[in-house]
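Working notes, beginning with the structure itself.
The values are calculated or read from the model by the stated rules, or taken from the named source; none is laboratory data. Everything quoted here is computed from the prediction, not taken from an experiment. Here Cβ is always computed from backbone atoms with ideal geometry, including for glycine, and neighbour counts include all displayed protein chains.
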């Protein structure tokens, strides 16, 4: 072979540098034949894939699909029927038959749901850009069995307790439920319910397309629910979906007309609602929100939900014989619901507050009370009792936190002349405290706090209340010969604490002290004389209707409370002619009092009976009387002396008037040391003296 015939390969590797391609060089285009072969190959591949999909048995995917669903729902999911898929469309669809969703393990054997058929059609183009939109979702003959145990675990919680977010479905153009059934049991709220659910193009004569209707029992009382809405066909995601609710639970009745602004986003909706019933406390079984006990109520407002926040705006209506308005918000999702409220009552019937503490409102004609509250009232009246025995439900107090501002513009029918009140009530993990608490009087006010600690096994109650700038004639109203027989400032402080799960038990175990101080004033002279049982002068002033007054130098009453027994260690009432001293006690368990006061004349009195005045009996209706024993001794002594001389019969009734003025400065100082606002009261006396 000659060198002219050598190939490049025969010459070995070249040592010459490779020249770069010239500027503007382009690789040669494949020939039309090559392009045709590539396109044809891809077309054949697509056809083969399409044929494979068309003839593929989709039931092969039932097992993997069920396993994926089981993992996501935290319970067993099985597919017993056929799985059919129709992918060749801009709106692909699928049906699956015989779906079974078992209970979670904690709920025991059984099914949460069984569905004969589920049909779904999706919108492909939105899906390609990341938006899920369902053209059709249909359930045929679903049977749902919901259960919540006493611990609050729910079978419909598919997150295994890890999420409390409200249900939010993707937009659904057409939603159909054919002949669904619901069986529900809630041990926590003592609720059972059996109903039917349908969603079709048209239901009945009205323009309804959705209905959930059923009945059951709530806390052993009959329960019915009727929830209806418009047709769920051709749903516009930007158009609110309307619904109506009618609910009855025992004597509680509620109606609502509302809308879901974004259909299928059940975490956001609003409705105008009305509710009436015998006691707001009974709403707990319906809502899970603990509210205080009340007289019968009839309320309305705008109820809305925004995620975890429920609101009641423009609240209005009546509770008992009092009006109530304001705004309320409840935030869920935390360890406990948190309730915040701004409430206003323009006119409060005082006895309506009794239900808050387990008592009953007044049952007089024209007053509002439920049948159960009337029974409580009859029992308290029959026993001559004030403090109710109703057991406090500490579990409900521990179940919610709260921060409530409450204003009362006017108060009527109070046992003392109250004008208005304000309070801020905070509840934190079972510790309820009303502070600041302010009760306004025509003159003066009561301030302080009341606290209930339900964090421990046995609840503990404490209070610290201070009366400042009060007036005797208003706080202890007595009419004598057409007017009050006394006038002057009255201040006080009460500090008590007790334990027990009822108001009665808390007071029956109370410890603490109460101090009341009268730093001055005036009293009808006839009454002052009779306090010393000065028969001649006292009766003479009464019969002549003399309205002259005499100064009140001071007055003090101090009580020590031990295990519910309040014992007076100082009762002193000093007037111009008489010094009155007393003793006694109030038993907060039996709710009875036993007092005795004795007047001592400061000047010579010719005929004076030594007869102590007594106040005894139930706190609700004490009896005023006299202790005749000493008077009998006086009379016996007089009869004995009459044997010596007829005039000697008067000697035991002569009082030389040796009583001295009380040390008012020391008594008032003691009252101030106990926390009674004496300084402001003495200022009242000084101002009155100037006038």
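Quick notes on this structure:
- Top-ranked residue of region 358-378 - restricted to ones that are surrounded by fewer than 18 Cβ atoms within 10 Å (Cβ to Cβ) and in a helix (DSSP H, G or I), ranked as farthest from the chain's Cα centre (by Cα): 378
- Residue in region 421-442 that is nearest to residue 342 (Cα to Cα), counting only those that are in contact with a helix residue (DSSP H, G or I) (Cβ under 9 Å, 6 or more places away or on another chain) and crowded, with 17+ Cβ neighbours inside 10 Å: 427
- Scoring residue 275 on the criteria (1) touching a helix residue (DSSP H, G or I) at 6+ places or on another chain (Cβ under 8 Å); (2) part of a strand (DSSP E or B); (3) free of Cβ contacts under 8 Å to residues at least 24 places away in the same chain leaves a single failure, condition (3).
- Residue, surrounded by the most Cβ atoms within 10 Å (Cβ to Cβ), within region 72-104, restricted to residues that are within 44 Å of the chain's Cα centre (by Cα) and at pLDDT below 90: 73
- Test: residue 360 is assigned by TED's automatic domain parsing to the domain that holds residue 340, in contact with a helix residue (DSSP H, G or I) (Cβ under 9 Å, 6 or more places away or on another chain) and at pLDDT below 80: yes
- Residue that is surrounded by the fewest Cβ atoms within 10 Å (Cβ to Cβ) [pool: residues in region 317-357 that are more than 15 Å from residue 294 (Cβ to Cβ) and over 14 Å from the mean Cα position of the chain (by Cα)]: 335
- Some residue of region 287-298 being in a strand (DSSP E or B) and in the same structural domain as residue 367 (by TED's automatic domain parsing): yes
- Conditions (1) over 30 Å from residue 123 (Cα atoms); (2) touching a residue at least 60 places away in the same chain (Cβ under 8 Å); number of the one not met by residue 186: (2)
- Unique residue being touching a strand residue (DSSP E or B) at 6+ places or on another chain (Cβ under 6 Å), farther than 30 Å from residue 592 by Cα and in a loop (DSSP other than H, G, I, E, B) when the list is 305, 336: 336
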